Each structure stands twice: as structure tokens, then as C-alpha cells.
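Asker: Can you keep this structure in mind? I'll have questions shortly.
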Amino acid sequence: MEQTANGSTSDTKQAISVENLYKSFGSNEVLKGVNLSASQGEVISVLGSSGSGKSTLLRCINLLEIPNSGILKVAGEEVIMKKNRRGENQPVDKRQVERIRAKLAMVFQQFNLWSHMTILENVSEAPIHVLKQNRKEALEKAAHYLEKVGIEDKLDAYPTQLSGGQQQRAAIARALAMEPEVILFDEPTSALDPELVGEVLQVIRDLAFEGRTMIVVTHEMGFAKEVSSRIIFLDQGLIVEDGVPADVFETPKTDRFKTFIAAMM
């Protein structure tokens with residue numbers, strides 16, 4: 001049994017499994033054989049300097065980027081790949097990709113909200129068109145999740161009428177509305193003014209203590225130490241540290257991570 005952030009226990013069914021994952025952009029090899037698994041209810045914080053491969057790893061998990069090689073499983077289902085005529089890896093079944101993406105939700109650095117839609121419409125759009133929920137149900141759930149992230153009074157506002165922190169909370173509500181098995185966060189506070197960071201971190205902290213499965217790329221060390229069941233540290237496309245926060249921060253195994261911590265803390 002695994003222990004979640006709130007101290008409760010959950011089974012150890014794997015939500016995400018990545019084996020020997022490689023990804024290059026031209027001659028630049030970004031991921032060099034990454035192995036990572038996330039069990040249900042785990043909160044994994046991914047640390048690393050710029051260019052270490054953190055965002056690329058998330059984008060490969062969500063199939064926004066197709067890895068050159070390796071095995072990716074989501075909720076136990078392996079993504080079937082084959083080489084095309086140019087020797088590039090490609091998913092075999094587009095319907096499988098759509099099905100797997102529906103189990104994942106990603107919150108980006110930028111909020112990516114549709115400017116011509118209200119916040120309520122932004123949150124309900126994908127459930128209506130991707131999950132095929134009826135409009136009434138989707139709007140009710142969207143309102144519920146906007147209340148959950150603390151901006152229920154902004155239902156009819158447009159993105160430009162919200163602060164950066166409110167827009168990112170709307171983006172989190174949009175992810176929750178898809179009712180995913182795993183939420184991927186790609187440095188969700190990096191585009192925010194410092195005074196707005198705390199409100200977004202609090203929402204993510206609340207989700208962690210609900211026992212949601214999350215992989216969070218972040219540079220917020222205190223937050224990562226507080227909410228994570230595991231910390232991984234990527235360096236030059238490889239995971240060089242992987243463990244519970246107390247062990248990783250207090251007794252790091254590599255000089256590279258020691259240097260990183262000293263610069264960030």
C-alpha cells in the first residue's frame with residue numbers, strides 16, 4: 001500500500017509508467033533513457049535546471065511529443081508505436097491516443113484560455129466536445145470546479161478580466177473538469193507575478209491532499225518538499241535522484257543535486 005499526501009493509503013496500481021524513454025530534437029538528445037512510474041495517489045515533483053528535459057518528459061507522457069523510443073503506459077495501457085517510412089516513431093491508433101489523452105490533463109506555464117469564451121465556457125468546452133457530456137451537466141460540473149479553485153464569482157468573466165493567478169486557477173478547473181486519472185503540471189507558477197504564486201500553489205496543495213495523482217514540474221522547492229510523495233531530479237536528460245522528500249533533500253546522492261539545492265533554497 002502507498003501512502004498519499006494526506007496520510008491515507010491507496011493501492012499501488014500504476015497510473016503512469018515510462019520505460020527507457022528517449023526523445024531528440026534533431027541532434028539534441030533531450031531525454032536519454034528515462035524510467036519513471038507513478039502509482040495512483042502519488043504526487044511526484046520533477047526538479048531540474050533549464051534544459052534538463054522536464055517539460056519534454058511531461059509532453060511525451062501526454063503525447064504532445066512522440067518519443068523516439070521507449071515504452072509509455074497510462075493506467076496500465078501501453079501506447080502502441082511503430083516506425084514510419086522515415087524511421088520516426090508514431091502511434092499506431094489515433095483512437096487509442098485520444099482515449100489515453102482523455103485520462104490525462106495538463107496545466108501549462110501559460111494559461112491557454114480561449115479569449116473569446118467566458119471562464120465557464122472555457123472549463124465546460126472539452127467535457128462537451130471530448131467527453132460528450134450533455135451541456136447542462138458540463139456547465140454544472142464546470143461551475144463546481146470553479147468553486148473548488150475559488151473563482152466561482154468569475155463564471156461570466158473573460159480571461160482578460162482575470163489576474164494571472166485567477167487565470168491559472170481557471171486552467172486548473174478546466175483540467176479537473178475532464179476528471180482525469182493524472183494531472184500534469186508544467187511549472188504552473190512560472191508565468192505569475194510573485195504575489196500571485198501562493199494562491200495557485202494552495203489550489204495544487206489542496207488537490208495533493210485529496211489524494212489525486214499528479215506529476216508537477218516546479219521550481220518551488222518548499223512546496224515540492226511539503227506536498228510530494230516523491231521527488232525526482234532530472235539532469236541532462238536522465239533521472240539522477242529519486243526518493244521521498246526527506247531523503248532527497250537531506251541526504252542527496254549526487255553533487256549535482258547538492259549544487260542545485262544550494263542555488264534554489
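The values are calculated or read from the model by the stated rules, or taken from the named source; none is laboratory data. None of the values given here were measured: they were computed from a predicted structure. When we count neighbours, we look across all protein chains shown, and the Cβ atoms used for this are built from the backbone with ideal geometry, even at glycine. Accessible surface areas use protein heavy atoms only, side chains included; no ligands, DNA or RNA. Shrake-Rupley method; radii C 1.70, N 1.55, O 1.52, S 1.80 Å.
Asker: If you check every pair at least six apart or on different chains, which have Cβ atoms under 9 Å apart with a residue in region 204-222 that is over 20 Å from Leu57 (Cβ atoms) and without any contact (Cβ under 8 Å) to a residue 40 or more places away in the chain first and a residue that is among the hydroxyl-bearing types (Ser, Thr, Tyr) and assigned to a strand (DSSP E or B) second?
Answerer: Final answer for the pair search is none.
Asker: Further, regarding this structure: Quick one: in region 63-85, which of the residues that are within 18 Å of Leu184 (Cα to Cα) and among the small types (Gly, Ala, Ser) is most open to solvent (accessible area, probe 1.4 Å)?
Answerer: Checked region 63-85; the qualifying residue most open to solvent (accessible area, probe 1.4 Å) is Gly76.
Asker: If you scan region 184-239, which residues turn out to be polar (S, T, N, Q) and either more than 18 Å from Phe111 (Cα to Cα) or open to solvent by less than 40 Å² (accessible area, probe 1.4 Å) (or both)? First the steps, then the outcome.
Answerer: Kept after step one, since they are polar (S, T, N, Q), are these residues of region 184-239: 189-190, 202, 213, 218, 228-229, 236.
Across region 184-239, the qualifying residues are Thr189, Thr213, Thr218, Ser228, Ser229, Gln236.
Results for (1) under 23 Å from the mean Cα position of the chain (by Cα); (2) of a type in the set (A, V, I, L, M); (3) at pLDDT 95 or above, shown as yes or no for each residue.
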{"site": "Ala126", "(1), (2), (3)": "yes, yes, no"}
{"site": "Gln133", "(1), (2), (3)": "no, no, no"}
{"site": "Ala142", "(1), (2), (3)": "yes, yes, yes"}
{"site": "Glu147", "(1), (2), (3)": "yes, no, yes"}
{"site": "Pro159", "(1), (2), (3)": "yes, no, yes"}
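Asker: Something else: When the residues of region 31-52 are narrowed to those that are open to solvent by less than 20 Å² (accessible area, probe 1.4 Å) and not small (Gly, Ala, Ser), which ends up nearest to Phe249 (Cα to Cα)?
Answerer: Out of the qualifying residues, it is Leu47.
So that you can scan it fast, the table gives a plain yes or no per residue for (1) under 30 Å from Gln14 (Cα atoms); (2) open to solvent by 40 Å² or more (accessible area, probe 1.4 Å):
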residue: Ala138; (1), (2): yes, no
residue: Lys141; (1), (2): yes, yes
residue: Leu162; (1), (2): no, no
residue: Val182; (1), (2): yes, no
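Asker: Working carefully through the options Ala138, Ala175, find the one that is out of contact with any helix residue (DSSP H, G or I) (no Cβ under 6 Å at 6 or more places or on another chain) and in contact (Cβ under 8 Å) with a residue 12 or more places away in the chain.
Answerer: Ala175
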